[in-house]
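Below is one structure, written out as structure tokens, with a few remarks after it.
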Amino acid sequence: MTTNAPQEEHVAEESDFKPLTAQEAAEWRQRHPPVSVVRVVKWQLVVGVVLTVLVGLVTQRAGWMWSVAYGAAAVVIPAAFFARGLRLHLGAGQENVAMVRFFGLEIAKLVLTVVLLLLAPLVVPGLNWLALVLGLVVVMKTYWLALWLLTRSAKIL
């Protein structure tokens, strides 16, 4: 003879989640406009050029200037590649493909950056690693400034 244990009734917990109405969603989108990755890359390019010119003016050394420029390019070129890949549109229901593509592009960006850094001694005359790292780090961290400026300007407009 088989006995079945009495089934406990599961009481559904009330969730604090409340979906937004269409009007609330539209207001939220207006307060939080999307930031274009391409615009962030453009800011990185601008900062790289300005930093290169400043280092050239301050040090008066071509090797330092080209090293900073190459360090900046080692960030901007892969970031531009990544941004271009993100702009390709997918159809509805392809969220998994989009996630795989995102991670694939991120890995490709990292590999391209490493390859560019490995090629630096062959490409940059009078390479100065300190200047290259300066250009790399400053331009890499520029996205924080760019995101802040772009979201701030969107709120003002």
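We did not get these values from a lab; they are worked out from the coordinates using the rules stated. Only a predicted model underlies this, so the values are computations on that prediction, with no experimental measurement involved. Backbone-built Cβ (ideal geometry, glycine too); neighbour counts: all protein chains shown.
Summary of values
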read-out	value
Positive-end residue, the stretch 36-156 charge dipole about Cα centroid, Cβ charges, pick of VAL123, VAL111, ALA80	ALA80
The stretch 17-157 - percent relative contact order, Cα under 8 Å, separation 6 or more	41
Solution diffusion estimate, µm²/s, Stokes-Einstein, the stretch 53-114, Kirkwood Rh from C-alpha pairs, 4 °C, viscosity 1.567 mPa s	95
Bins of 5 Å, starting at 0 and running to the largest distance - Cα pair percent for the stretch 92-139	5, 18, 17, 18, 12, 9, 9, 7, 4, 2, 0
Extended-chain gain in nm, criterion 0.36 nm per residue less alpha-carbon gap, VAL100 and VAL137	10.6 nm
Ratio Rg/Rh [Cα only; Rh per Kirkwood] for the stretch 18-144	1.13
